[in-house]
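A.B. asks: One structure, as structure tokens, below. Some questions next.
Values in this text are rule-based calculations from the coordinates and carry no lab data. If you're wondering where the values come from, they're calculated on a predicted model, not measured in any experiment. Every residue, glycine among them, receives a Cβ derived from its backbone with ideal geometry; neighbour counts consider all protein chains shown.
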Amino acid sequence: MQKIILFILVLLSQIVFSASKITETEKLKAACKVWGFLKYYHPKAASGQLDWDNQLLEKLPKIEKAETKEEFSLILENWIEELGPIKELGPISASVDVDYFDKNFDLSWFNNSRVFSKKLSKKLKFIEENRFQGEQFYVYGVERVGNVGMRNESLAHPDFTNKHSKLRMVFMFWNLVEYFFPYKYLMDQKWDTTLEKIIPLAIQADNYDDFYKVMAKLCCKIDDSHTDVYLYSSVEGFKPDKYYFPANGKIIDDKLVVTEILGDSPAQADDIKVGDIITKINGQTIKEIILEKKDIICASNNAKYLDKLVKGILVSISNTVKVEFLKNGQYITKTMTWFDYHDSHRNEFKKGAQQKKEKFKLLDNNIGYVDMGIITQKNIPDMIAVLKDTQAIIFDLRSYPKGTCREISSFLSSKEINFVKCTLPDFSYPGRFKWAKMKKNGSDNKDNYRGKAIVLLNEKTQSNAEWSAMCFQASGNTTIIGSQTSGADGNISVFEFKGFRTLFSGMGVYYPDGRETQRIGIVPDIEVKPTIKGIQEGRDEVLDRALLFIETGK
């Protein structure tokens, strides 16, 4: 009997001991979260009194040696003790004037008993309740808006042979997103999971190019159409040649359809016409390219992803490109010469892209049309004078507008209106976002426009264009026609590093009733998507649908 009891005790002790063991990735993930939390919450770290990067680099070798939760937690407990006492202020009460938006906020990881001791969890909670209340050293609110800006960070390249040096940069950017990206709660993959998956990749990347590709993958996991990642060459000052297909295109049904000729001469040389269907580039099908680029192109939704992808497909570092076309039911492969946009063809490309565009015009049947991508504030009085007595005005927002929504809203609306509300980071409580004052547009105007307002949208409608659409929607008799927009609105935050440049949406944008626009975009009242047949026939199917709606009311 004693032997049986002894066996059970030994077995239980082995189970307990095994349960307390933690993996390297678990330790590094938890260390990242604690280091980032202290960076923005602990008075000495958040105020810039310490070299916080160096603090991490000193602790990582010790953390690496820890084998159990207890050993790991003790290292972090001692670290916090070494930072000195924190003046007890709290719990700090939130101002009665602050209305918090908390879908994005979660510090429950303090209580992860898998990696943290109860004592360490209590220490972290105490720091939260007595957090730093001064001016943050590493981040700030951008002037006039309040979205996050970065400062006092080390932008130097890591030592690509030293995993701790590489992890320092990963941890820095991960925590920047963790605390100051307003849409973390809308990511497809939890940001915690992204950290867990990126840590081994960063450790394995032992050279300049491989490491910054890992950083690009990290950036792209935030699912935000505002986010692009620009990787700089390892050779300082080196700019690789870029060669371009002489046309724009659109992906429809896993095919790339030519939508606009940009260079007449090179297009004629290879018999490229609007409506041509591209099925392969250098032997890869368009569908294969779509699947391949998912990790390195960031977008809020699939419509915008495909739009961004086209730009990458139609550019090459080689001027000789094999392109497979589908013409008249036959597959034809051409070895094409693509041209440098910055050589003698540059003016031709620009001319082809911009010809025959008018800021506004009068269509048949007393219908107005406004190209929001080129009309400016100084053109608005003339536009109103010409179009004020029309039965309808079509505002084409399938491009980026030039800050004219306020003036046009005042023309459309008979009164001042709430059209959007935003969230901004609370730098006194990092990770939390607060509602800003409601945004208004329009003005008291008894002579406002009385006809129908139609807004055309598609995946190119992004940021200020989506903001403008929301403004026009609130103005009154507005109908939205088109397809899913980019799903990325609000001011951007830009981050420049030695090896890469990136950005993300810095503020949350919502309808006055709290409905989300991020990732969803502006939902059309009437959905219309271009078809291959329509493009080949030279029709603008979205505009055609708008004209039909004006005529029939449906």
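A.B. asks: Which residue, chosen from M372, G275, M169, occupies the Cα position most advanced towards the positive end of the dipole of the chain, where the dipole is computed from +1 (Lys, Arg) and -1 (Asp, Glu) charges on Cβ about the Cα centre?
C.D. replies: Among M372, G275, M169, the one farthest towards the positive end of the dipole of the chain is M169.
A.B. asks: If I fit a long axis through the Cα atoms of helix 302-313 and take the longest principal axis of the Cα atoms of the chain, what angle between them do I get, 0 to 90°, rounded to 10?
C.D. replies: 80 degrees
A.B. asks: Test of understanding: what is the full-extension gain from F126 to D389, defined as 0.36 nm times their sequence separation minus their Cα-Cα distance? Don't skip to the end; give the middle numbers.
C.D. replies: Working: separation 263, 0.36 × 263 = 94.68 nm, distance 6.52 nm.
Here the segment from F126 to D389 would lengthen by 88.2 nm.
A.B. asks: Here is a further query. Report, ordered by chain and residue number, the aspartates and glutamates lying within cross-link reach of K118, taken as a straight Cα distance under 12 Å and ignoring same-chain residues fewer than 8 apart.
C.D. replies: E70, E77
A.B. asks: Considering only I526, W467, V509, whose Cα is most displaced toward the positive end of the charge dipole of the range 357-552, charges sitting on Cβ of Lys, Arg (+1) and Asp, Glu (-1)?
C.D. replies: Working it through, the farthest residue towards the positive pole turns out to be V509.
A.B. asks: With only alpha-carbon pairs counted, each pair once and no self-pairs, how large is the Kirkwood hydrodynamic radius of the range 444-533 in angstroms?
C.D. replies: Mean inverse Cα-Cα distance, inverted, gives 14.8 Å.
A.B. asks: Listed here are the pairs K213/K533; K166/K190; K123/K434; which of them are more than 28 Å apart at the Cα?
C.D. replies: Details: K213/K533 39 Å; K166/K190 22 Å; K123/K434 26 Å.
Violating the 28 Å Cα-Cα cut-off are K213/K533.
A.B. asks: What does the convex hull of the Cα atoms of the chain come to per residue, in Å³, rounded to a whole number? Walk me through the intermediate numbers first.
C.D. replies: Numbers: hull volume 118.1 nm³, N = 554.
Hull volume normalised by residue count: 213 Å³.
A.B. asks: May I pose another question? Only loop residues by DSSP count here, and only those with at most 11 other Cβ atoms within 10 Å; note down the chymotrypsin sites (Phe, Trp or Tyr not before Pro) in the range 157-240 that meet that. Present the calculation step by step, with values, prior to reporting the outcome.
C.D. replies: Numbers: sites: F160, F171, F173, W174, Y179, F180, Y183, Y185, W191, Y208, F211, Y212, Y230, Y232, F238; in loops: F160, Y183, Y232, F238.
Filter output for the range 157-240: F238.
A.B. asks: Enumerate by residue number the trypsin sites (Lys or Arg not before Pro) in the range 127-188 meeting two conditions: DSSP loop (anything except H, G, I, E, B), and at most 10 other Cβ atoms within 10 Å of the site's Cβ. Write down the numbers at each step before the final one.
C.D. replies: On the way: sites: R131, R144, R151, K163, K166, R168, K184; in loops: R131, R144, R151.
For trypsin sites (Lys or Arg not before Pro) across the range 127-188 that sit outside H, G, I, E and B with at most 10 neighbouring Cβ atoms in 10 Å, the list reads R144, R151.
A.B. asks: Give the residue from F101, N112, F211 lying farthest towards the positive end of the charge dipole for the chain; charges sit on Cβ (+1 for Lys and Arg, -1 for Asp and Glu) and the dipole is referred to the Cα centre.
C.D. replies: Result: N112.
A.B. asks: Sticking with this one: About the Cα centre, and with charges only on the beta carbon of Lys, Arg (+1) and Asp, Glu (-1), how big is the dipole of the chain? Nearest 20 debye, please. Intermediate results must be reported in sequence, preceding the final value.
C.D. replies: Details: 78 positive and 74 negative charges, 119 e Å.
Dipole size: approximately 560 debye.
A.B. asks: Follow-up question, since we're still on this one. If one takes the longest principal axis of the Cα atoms in the chain, at what angle in degrees, from 0 to 90 and to the nearest 10, does the Cα axis of helix 163-180 lie?
C.D. replies: Taking Cα atoms only, the helix is inclined about 60 degrees.
A.B. asks: Also, I was wondering about something else. Give the relative contact order (percent, whole number) for the chain; include only Cα pairs under 8 Å separated by 6+ residues.
C.D. replies: Values: 1025 pairs, mean separation 77.9, N = 554.
So the answer I get is 14 percent.
A.B. asks: If we sort 527-538, 114-125, 388-399 on the protection proxy, mean other Cβ atoms within 10 Å, highest first, what's the order?
C.D. replies: 388-399, 114-125, 527-538
A.B. asks: If contacts are Cα pairs under 8 angstrom and at least 6 residues apart, what is the relative contact order of the range 243-352 in percent?
C.D. replies: 33 percent
A.B. asks: Then there's this: Mind checking the dipole of the range 243-352: about its Cα centre, +1 per Lys or Arg Cβ, -1 per Asp or Glu Cβ, Debye to the nearest 20?
C.D. replies: Numbers: 16 positive and 15 negative charges, 41 e Å.
The dipole of the range 243-352 has a size of about 200 debye.
A.B. asks: So what's the gap between the Cα centers of the range 507-550 and the range 373-437, to the nearest angstrom?
C.D. replies: 17 Å
A.B. asks: Most exposed first by the Cβ proxy, i.e. fewest other Cβ within 10 Å, how do D253, D270 rank? Walk me through the intermediate numbers first.
C.D. replies: Details: D253 10, D270 18.
With the fewest neighbours first, D253, D270 line up as D253, D270.
A.B. asks: Helix 191-204 versus the longest principal axis of the chain: what is the Cα-based angle in degrees, 0 to 90, to the nearest 10?
C.D. replies: Value to nearest ten degrees: 80.
A.B. asks: Charges only on Cβ, +1 for Lys and Arg, -1 for Asp and Glu: so what's the dipole of the range 357-552 about the Cα centre, in debye to the nearest 20? All intermediate terms of the calculation are to be shown ahead of the outcome.
C.D. replies: Numbers: 27 positive and 24 negative charges, 134 e Å.
Taking the Cα centre of the range 357-552 as origin, the dipole is about 640 debye.
A.B. asks: Which lysines have a Cα lying under 23 Å from the Cα of K119, excluding residues fewer than 8 positions away in the same chain?
C.D. replies: Within the straight-line cut-off, K119 pairs with K21, K27, K29, K33, K39, K44, K59, K62, K65, K69, K87.
A.B. asks: So, one more: Considering only DSSP beta bridges with both partners in the chain, what is the antiparallel share in %, to the nearest 5?
C.D. replies: Details: 53 of 70 bridges.
In the chain, approximately 75 percent of DSSP beta bridges are antiparallel ones.
A.B. asks: Taking 1 over the mean of 1/r across every pair of different Cα atoms in the range 243-352, what Kirkwood radius in Å do you get?
C.D. replies: Radius from the Kirkwood sum: 14.2 Å.
A.B. asks: Now for a separate question. Give me log10 I(q)/I(0) at q = 0.10, 0.13, 0.17, 0.19 Å⁻¹ for the range 196-311, Debye formula, one equal scatterer per alpha-carbon, no solvent.
C.D. replies: With one equal scatterer per Cα and no solvent, log10 I(q)/I(0) is -0.41, -0.66, -1.00, -1.13.
A.B. asks: What fraction of the DSSP beta bridges in the range 357-552 is antiparallel, stated in percent and rounded to the nearest 5? Intermediate results must be reported in sequence, preceding the final value.
C.D. replies: Numbers: 19 of 36 bridges.
Expressed as a percentage, antiparallel bridges in the range 357-552 total about 55.
A.B. asks: With r defined as the distance between the Cβ atoms of E551 and T285 and R0 fixed at 30 Å, what FRET efficiency is calculated, to the nearest 0.05? Could you put the intermediate results ahead of the total?
C.D. replies: Numbers: r = 41 Å, r/R0 = 1.37.
So, using R0 = 30 Å, E works out to roughly 0.15.
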